[in-house]
């Protein structure tokens, strides 16, 4: 577990420029299968070209360009969050898995289940238990350590 | 032997190089480590200062509660902490543990990118918990891929005997790189050295591999699959020669086979011959191809009886039928066989003896076998070079044989007999008949005579009551250099010269007695005596007595020996010599008195002195002096 955690910390970066692409890909591969088990394909809404580039290597990933078609939205900046909010306001019943690449985004978005971000030179991975529960997501044991109740 | 030594040396060099490489690596890591220690100490001092400041600024027993309650104070402290951020310290922040055990940010020196108060922090190491629990500061090295951090000092801040906060001081990676840059030239040199050491090691391994491969090829004769000469030399570098017996085999008239059937068929016969011999050899024996059609069989002693084995082998090789171009072909061999004597250590010498025997076989018409006796190996003559080597190393010893007064039966004089010492056979002295012929007329003779004279005078000095005689060849006395040397020695020891006799040996007819008279006068100048050696044989005859001033006649041993076989006739001859000696005032010494009956006849004849094994064999003077006491 500790090895995996170390591995995650080592390969993850918010800005990604300091991150090994291969490791980031592996991490997100694990994350996606943990958050969406048994899904034949992951329909992802990502508008950051860097992340798109990395995640396109995952065979099960299908990029979508509309929120309603997405199983998973990766927030990488405020503008995307803003667009999401607008969409959510228009479609209150809409629900999908949201994940942030910054702490601030996680804090500002009540629907995000977790985040993978950089703090004091160290990668940080965390999940919010109530939000996971809302989506009926049960994380594998290896991620349990990063589940917290509140921010 | 040489190969093993070389391998060992190469392995030692490689080992030393590897050790040196490791040492260089260690030295570099030590330097880096000391830089690290220095920086950590500095960080601890900073942390200590911050701790003192915090404790002054924050009131009450619970630091965390105070900070929770005073956001403006937090801001103030953050600002102050910011002052501590230098190029060395990238991040300084303080954490606390919440009720659930999660770390939460309290204070942060990074004003530019402030972390929300009490936001969560997942440390990437168990050390955080260890420090929190133990209250003892620790340093952790950051894992790969963390951003810009070299080391983290985890410093507990305790109050009321409890760790309340954990200060994290991150040492900047950029600063560490700066420090390392100071070390860079040295590190670069070390890396280059390591690189070249590694190259050298690889080169050495490559050379050794090639050398070993080449040696393997050199060990076996490619045509016959017998061992090579190289193998033989190498083998006897590791094994003692006298633990083996040797047989030299040469195929007779092999040229005719080559001429008749061609070289290809000749080679085939050689291969078959080699195979036949090898199949017949006992365990641990081997066949060496000396070159051409000459082979050497080396057999460990005690595996077979060498004589019968070699005879069987000879018979086998003689009866063996080769089929060449559908024709039966018989070949014959010449063999010389040596039961190598104990103490033999020179392969070259042993081969020389086998060669000499082989030559005898060839001269006798080939197709035969001859055996080498121990005598052939040990009683050989020495070359001038070998004698020169022994004399240069002063491997010369003088032995003494007593000359007995027949009346008193006491030793009145000792004959000094020179022997050389061959280091290969230190137990057996090299006698003059084994080397004298080759050194006569050379500077080595002069050298040897000088050594003998010095030894004789040394003995005379040591034992003031004894008389000695030394041998000289008259022919050599014609040599002015030899004469000058003798005269110099006599002059230098003139007080003892009257206790010294020169036994002159004459192998040629003396044509110029005047010259010899002069030589004798010179020798007698300081009181030395002259004796004619082997009188009664060869040219040592009556004319000497007539022309020369002689003190003693030493009757030739061959005449004395005849006293046993033909006593009456020999006695007549000896009486005539005695009459002659008396007439000229000479004393007579009978040589080769080897048994009592001879001595009794000598004594009965009234000869003055006796010398021979009956009274004592040549021995170091100390042996006689001890018995005289």
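The values are calculated or read from the model by the stated rules, or taken from the named source; none is laboratory data. Keep in mind the model is a prediction, meaning the values are calculated, not measured. Neighbour counts run over all protein chains shown; Cβ positions are idealised from the backbone, glycine included.
Tabulated data
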| quantity | calculated |
| --- | --- |
| Condition met for residue B:288 (touching a strand residue (DSSP E or B) at 6+ places or on another chain (Cβ under 7 Å), under 20 Å from residue B:338 (Cα atoms), assigned to a helix (DSSP H, G or I) and not assigned by TED's automatic domain parsing to the domain that holds residue B:6) | no |
| Filter result for residue B:391 (in contact with a helix residue (DSSP H, G or I) (Cβ under 9 Å, 6 or more places away or on another chain) and outside the structural domain of residue B:282 (by TED's automatic domain parsing)) | yes |
| Residue list for segment B:124-175, restricted to those being under 60 Å from the mean Cα position of the chain (by Cα), within 13 Å of chain A (Cβ to nearest Cβ) and either under 30 Å from residue B:61 (Cβ atoms) or part of a helix (DSSP H, G or I) (or both) | B:140, B:173, B:174 |
| Residue A:7 over 15 Å from the mean Cα position of the chain (by Cα) and either within 14 Å of chain B (Cβ to nearest Cβ) or at pLDDT 90 or above (or both) | yes |
| One residue from A:133, A:129 being free of Cβ contacts under 8 Å to residues at least 12 places away in the same chain and either touching a strand residue (DSSP E or B) at 6+ places or on another chain (Cβ under 7 Å) or more than 10 Å from chain B (Cβ to nearest Cβ) (or both) | A:133 |
| Filter result (surrounded by fewer than 18 Cβ atoms within 10 Å (Cβ to Cβ) and either within 8 Å of chain B (Cβ to nearest Cβ) or more than 15 Å from residue A:84 (Cβ to Cβ) (or both)) within segment A:95-120 | A:107 |
| In segment A:14-60, residue farthest from the other protein chains (Cβ to nearest Cβ) [restricted to those that are in contact with a helix residue (DSSP H, G or I) (Cβ under 7 Å, 6 or more places away or on another chain) and modelled with pLDDT under 65] | A:16 |
| Per-region count, segment A:136-149, residues closer than 30 Å to residue B:112 by Cα and away from chain B (no Cβ under 12 Å) | 0 |
| Filter result for the condition that a residue is assigned by TED's automatic domain parsing to the domain that holds residue B:40, in contact with a strand residue (DSSP E or B) (Cβ under 6 Å, 6 or more places away or on another chain) and surrounded by 12 or more Cβ atoms within 10 Å (Cβ to Cβ), over B:109, B:65 | B:109 |
| Single residue of segment B:386-396 satisfying the filter (surrounded by fewer than 19 Cβ atoms within 10 Å (Cβ to Cβ) and under 24 Å from residue B:242 (Cβ atoms)) that is modelled with the lowest pLDDT | B:386 |
| Filtered residue count, segment B:112-132, keeping only those that are at pLDDT 90 or above and either under 25 Å from residue B:39 (Cα atoms) or out of contact with any strand residue (DSSP E or B) (no Cβ under 9 Å at 6 or more places or on another chain) (or both) | 6 |
| Segment A:121-142 - residue that is in contact with a helix residue (DSSP H, G or I) (Cβ under 6 Å, 6 or more places away or on another chain) and farther than 29 Å from residue A:86 by Cβ and, of those, surrounded by the fewest Cβ atoms within 10 Å (Cβ to Cβ) | A:140 |
| Residue that is surrounded by fewer than 20 Cβ atoms within 10 Å (Cβ to Cβ), at pLDDT below 90, touching a strand residue (DSSP E or B) at 6+ places or on another chain (Cβ under 8 Å) and under 30 Å from residue B:294 (Cβ atoms), where the choices are B:423, B:374, B:362 | B:362 |
